[in-house]
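Read the structure below first, then the notes.
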Amino acid sequence: MQVRQSMHSDYFKQLDTQQIRDEFLVQPVFQKNDITLTYSQIDRIIVGGIHPVDKAVELTADLGESLGVSYFLERRELGAINIGGAGVVEVDGETFEVGSEEAIYIGKESAKIQFRSADPKNPAKFYYNCAPAHVRHDTRKVTLEEASPTTLGEAKSSNRRTIYKYLVPDVLPTCQLLMGMTKLEDGSLWNTMPCHTHQRRMEVYFYFNMADDAAVFHFMGQPQETRHIAVHNEQAVISPSWSIHSGVGTQSYTFIWGMVGENQVFTDMDHIAVPDIR
């Protein structure tokens, strides 16, 4: 498990390109027949990938030991979105078939968890976020059709996109975790602009569906003191609550967002006017 410490916004201004990447870029997200874990001390979120190919990947007891508990989700909840082939998730003896672009929410106190691929030739790829939880909610699968879609933006501003909200209060209850997926239309390159912060929540972006020669320039930092990270396919970026999180790609792409923090109000954002960005 990689551990990333939280950082003051004043210190962030002093970092060079490699230091910013070391602190906030998450890579690799997927490793064959394994789970990757990056633990951020910002709201104690854990992000990573679960990639069962020709054998199952189980959340074993030693993952709990690294958190000082008996098992991984003893005091946590987990959300995962499958960006690969059809997968199967077993949670305490109950089986869920989770297809491409479908999600699963796994509630607190779920002890025996296993991920498999339905076809090793087209393996599943579960990108997940995991957050501290105080109440147990039922484990549930969420399909793309159930994911409360909202289409925003315009072609003339290159940000026409559809936001699929999988883990939000309108769809199912969670303790604090919010997750969704945003798809950009062909010809649109900005994931959000004008940009925003939300002082009450941190966020992680995971970029995928990108060609090998494509990149997203992910802007972060305080609105008047911005920096960028060049992000490539299947990489994630941790965004503190004081930071903007806006990106523009060399080609269209898709990204998964996950948030944890004080509230679950999706529209609770502090918008930044474009002329005020520096």
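The values are calculated or read from the model by the stated rules, or taken from the named source; none is laboratory data. Note that the structure is a prediction, hence the values are computed from the model and not measured. Counting neighbours? That spans all protein chains shown, and the Cβs are built from the backbone with ideal geometry, glycine included.
May I ask you to list the residues in region 202-214 that are farther than 18 Å from Thr162 by Cα and either free of Cβ contacts under 8 Å to residues at least 40 places away in the same chain or in a loop (DSSP other than H, G, I, E, B) (or both)?
Ala211, Asp212, Asp213, Ala214
Results for (1) of a type in the set (A, V, I, L, M, F, W, C); (2) free of Cβ contacts under 8 Å to residues at least 24 places away in the same chain; (3) in contact with a strand residue (DSSP E or B) (Cβ under 8 Å, 6 or more places away or on another chain), shown as yes or no for each residue.
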position	(1), (2), (3)
Ala118	yes, no, yes
Phe126	yes, no, yes
Asn129	no, no, yes
Glu145	no, yes, no
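Which one is nearest to Ser157 (Cα to Cα) among residues in region 191-222 that are surrounded by fewer than 20 Cβ atoms within 10 Å (Cβ to Cβ) and touching a helix residue (DSSP H, G or I) at 6+ places or on another chain (Cβ under 9 Å)?
Of everything passing the filter in region 191-222, Met193 is nearest to Ser157 (Cα to Cα).
Take Gln199 and tell me if it is in a loop (DSSP other than H, G, I, E, B) and modelled with pLDDT under 90.
Considered against the rule, which asks whether it is in a loop (DSSP other than H, G, I, E, B) and modelled with pLDDT under 90, Gln199 comes out as yes.
Only one of these conditions is not met by Pro123: (1) modelled with pLDDT of 95 or more; (2) part of a strand (DSSP E or B); (3) not basic (Lys, Arg). Which number is it?
Result: Pro123 passes all but (2).
Report whether or not Val274 is of a type outside the set (Lys, Arg), touching a residue at least 24 places away in the same chain (Cβ under 8 Å) and farther than 18 Å from Cys130 by Cβ.
yes
So in region 60-89, with the set limited to residues that are surrounded by fewer than 23 Cβ atoms within 10 Å (Cβ to Cβ) and in contact with a helix residue (DSSP H, G or I) (Cβ under 8 Å, 6 or more places away or on another chain), which one is nearest to Leu172 (Cα to Cα)?
Glu74
Does any residue in region 150-162 that is under 9 Å from Thr192 (Cα atoms) and at pLDDT 90 or above come within less than 6 Å, Cβ to Cβ, of a residue that is surrounded by fewer than 18 Cβ atoms within 10 Å (Cβ to Cβ) and of a type in the set (S, T, N, Q) six or more places away or on a different chain, and which pairs are these?
none
Yes or no, residue by residue, for (1) under 16 Å from the mean Cα position of the chain (by Cα); (2) surrounded by fewer than 22 Cβ atoms within 10 Å (Cβ to Cβ); (3) under 22 Å from Ile46 (Cα atoms); (4) not hydroxyl-bearing (Ser, Thr, Tyr):
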{"position": "Glu109", "(1), (2), (3), (4)": "no, yes, yes, yes"}
{"position": "Phe115", "(1), (2), (3), (4)": "no, no, yes, yes"}
{"position": "Pro120", "(1), (2), (3), (4)": "no, yes, no, yes"}
{"position": "Phe126", "(1), (2), (3), (4)": "yes, no, yes, yes"}
{"position": "Val135", "(1), (2), (3), (4)": "no, yes, yes, yes"}
{"position": "Thr143", "(1), (2), (3), (4)": "no, yes, no, no"}
{"position": "Thr150", "(1), (2), (3), (4)": "no, yes, no, no"}
{"position": "Asn159", "(1), (2), (3), (4)": "no, yes, no, yes"}
{"position": "Thr162", "(1), (2), (3), (4)": "no, yes, no, no"}
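Could you tell me which of the residues Gly221, Gly261 is under 17 Å from the mean Cα position of the chain (by Cα), of a type outside the set (A, V, I, L, M), over 19 Å from Glu185 (Cβ atoms) and at pLDDT below 95?
Result of the check over Gly221, Gly261: Gly261.
Would you check which residues across region 215-250 are assigned to a strand (DSSP E or B) and at positive phi and list them?
Of everything in region 215-250, just one residue is assigned to a strand (DSSP E or B) and at positive phi, namely Gly221.
Tell me which helices (runs of 4 or more DSSP H) are completely within region 9-89 and hold 2 or more residues being charged (D, E, K, R), or say none if there are none.
It comes to 17-24, 61-65.
For every residue, the table says whether it meets (1) crowded, with 19+ Cβ neighbours inside 10 Å; (2) farther than 22 Å from Gly49 by Cβ; (3) of a type outside the set (Val, Ile, Thr); (4) out of contact with any Cys (no Cβ under 6 Å at 6 or more places or on another chain).
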{"site": "Pro169", "(1), (2), (3), (4)": "no, yes, yes, yes"}
{"site": "Met179", "(1), (2), (3), (4)": "yes, no, yes, yes"}
{"site": "Glu185", "(1), (2), (3), (4)": "no, yes, yes, yes"}
{"site": "Gln235", "(1), (2), (3), (4)": "yes, no, yes, yes"}
{"site": "Ile238", "(1), (2), (3), (4)": "yes, no, no, yes"}
{"site": "Thr250", "(1), (2), (3), (4)": "no, yes, no, yes"}
{"site": "Glu262", "(1), (2), (3), (4)": "no, yes, yes, yes"}
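With respect to Leu172, determine if the residue is more than 25 Å from Ile35 (Cα to Cα) and either modelled with pLDDT of 95 or more or in contact with a Gly (Cβ under 7 Å, 6 or more places away or on another chain) (or both).
Yes, satisfied.
Residue under question is Thr139, and the condition is that it be under 24 Å from Val88 (Cβ atoms) and polar (S, T, N, Q); does it hold?
yes
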